[in-house]
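Novice: Structure below; questions to follow.
The values are calculated or read from the model by the stated rules, or taken from the named source; none is laboratory data. Not measured: the values here are computed from a predicted model. Counting neighbours? That spans all protein chains shown, and the Cβs are built from the backbone with ideal geometry, glycine included.
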Amino acid sequence: MTLPFVTSPANADFISGAMLLVDKPKGWTSFDVVNKIRGALRHKYNIKKLKVGHSGTLDPMATGLLLICTGSWTKELHHLTGLDKKYKAQVTLGIETDSYDAEGKIMESREVPPLTEEELINHLQSFIGDIEQFPPAFSAIKKDGKPLYELARAGKEVKTEARKVKVFSIELLKYTAPVLEIMVHCGSGFYVRSLAHDLGQKIGCGAHLSGLIRTSVGPYELKDSFSMEEIKNAII
């Protein structure tokens, strides 16, 4: 499989096809990024239709690398979706939320037991390898044609099904109770939110994902990405 090469927004041929590495801002959905870029390109070239898509959804709370393809290169998105990914994550112990992250409703608060770094490392290592993971109810996975998050927000009971996922490594970067920082290298379809939730269950105090940065997708690195401001200025 030949992967698309990265394009600088300053000299990209957006109409024929281009791929941009975007540093997604916090609070934006992945579709927000697509919409902004598509709108700017349509305005610049005075065209009504232009294919723009992204590979690998990032939650609004998360920041970091988002791959955006335009024109004929949108046909390559299915190849990009299956690439492994790396994340720098912050997990807060003692508080469990319905969405498994900081944007959800607090479901339960519990006291965090004393934990050494060695104990945390042992807990984290139990999630490495080929494992089964239950995705969050608040996710973009579709059931009966509707994203699960729509059903969850409507107050309907959502039961997710376990999926086989792969975790290559989890590194404990720092622990200052009740917050730990980790680096996760995982395969496609893995939810870091579920990892945070499951870690809290394993320790017995609950937990949620309180911060997330995607640092790489396959060979593509966040350090080579462009901000939305830089892309907007280059298109104009």
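Novice: Yes or no: residue 79 in a strand (DSSP E or B) and under 17 Å from residue 188 (Cα atoms)?
Specialist: Numbers: in a strand (DSSP E or B): no; under 17 Å from residue 188 (Cα atoms): yes.
No: the conditions fail for residue 79.
Novice: Also, quick follow-up: Can you find, within the range 43-60, the residue that is nearest to residue 9 (Cα to Cα) among those that are touching a residue at least 60 places away in the same chain (Cβ under 8 Å) and more than 9 Å from the chain's Cα centre (by Cα)?
Specialist: Within the range 43-60, the first condition is being touching a residue at least 60 places away in the same chain (Cβ under 8 Å), and the residues that meet it are 44, 55-59.
Narrowing further to those that are more than 9 Å from the chain's Cα centre (by Cα): 44, 55.
Working: 44: 13, 55: 18 Å.
Among residues in the range 43-60 that are touching a residue at least 60 places away in the same chain (Cβ under 8 Å) and more than 9 Å from the chain's Cα centre (by Cα), the one nearest to residue 9 (Cα to Cα) is 44.
Novice: A follow-up question, please. So residue 92 fits all but one of (1) surrounded by 14 or more Cβ atoms within 10 Å (Cβ to Cβ); (2) in a loop (DSSP other than H, G, I, E, B); (3) assigned by TED's automatic domain parsing to the domain that holds residue 175; what number is the exception?
Specialist: Residue 92 satisfies all of (1) surrounded by 14 or more Cβ atoms within 10 Å (Cβ to Cβ); (2) in a loop (DSSP other than H, G, I, E, B); (3) assigned by TED's automatic domain parsing to the domain that holds residue 175 except (2).
Novice: Pull up the range 33-74, narrow it to residues that are part of a loop (DSSP other than H, G, I, E, B) and touching a strand residue (DSSP E or B) at 6+ places or on another chain (Cβ under 8 Å), then point me to the one that is farthest from residue 222 (Cα to Cα). Even if it seems obvious, please write down each step before you answer.
Specialist: So in the range 33-74, the residues part of a loop (DSSP other than H, G, I, E, B) come out as 46-51, 56-62.
Pick out the ones that are also touching a strand residue (DSSP E or B) at 6+ places or on another chain (Cβ under 8 Å) and you get 50-51, 56, 58-59, 61-62.
On the way: 50: 26, 51: 23, 56: 14, 58: 13, 59: 16, 61: 17, 62: 13 Å.
The qualifying residue farthest from residue 222 (Cα to Cα) is 50.
Novice: Can you name every residue in the range 14-32 that is of a type outside the set (A, V, I, L, M, F, W, C), farther than 30 Å from residue 100 by Cβ and not in a strand (DSSP E or B)? Explain how you work it out, then say what you get.
Specialist: Looking only at the range 14-32, we keep the residues that are of a type outside the set (A, V, I, L, M, F, W, C), and these are 16-17, 23-27, 29-30, 32.
Narrowing the set further to residues that are farther than 30 Å from residue 100 by Cβ leaves 16-17.
Within the range 14-32, just 16 meets the criteria.
Novice: Read through the list (1) over 30 Å from residue 181 (Cβ atoms); (2) touching a helix residue (DSSP H, G or I) at 6+ places or on another chain (Cβ under 8 Å); (3) surrounded by fewer than 19 Cβ atoms within 10 Å (Cβ to Cβ), then give the number of the only condition that residue 57 fails.
Specialist: (1)
Novice: If you don't mind, there's one more thing I want to ask. Could you pull out the residue among 31, 14 that is modelled with pLDDT under 95 and surrounded by fewer than 17 Cβ atoms within 10 Å (Cβ to Cβ)?
Specialist: Working: 14 fails: surrounded by fewer than 17 Cβ atoms within 10 Å (Cβ to Cβ).
None of the others qualify; the one that does is 31.
Novice: Among the residues in the range 79-93, are any at pLDDT 95 or above and over 16 Å from the mean Cα position of the chain (by Cα)?
Specialist: Yes, the range 79-93 contains a residue that is at pLDDT 95 or above and over 16 Å from the mean Cα position of the chain (by Cα).
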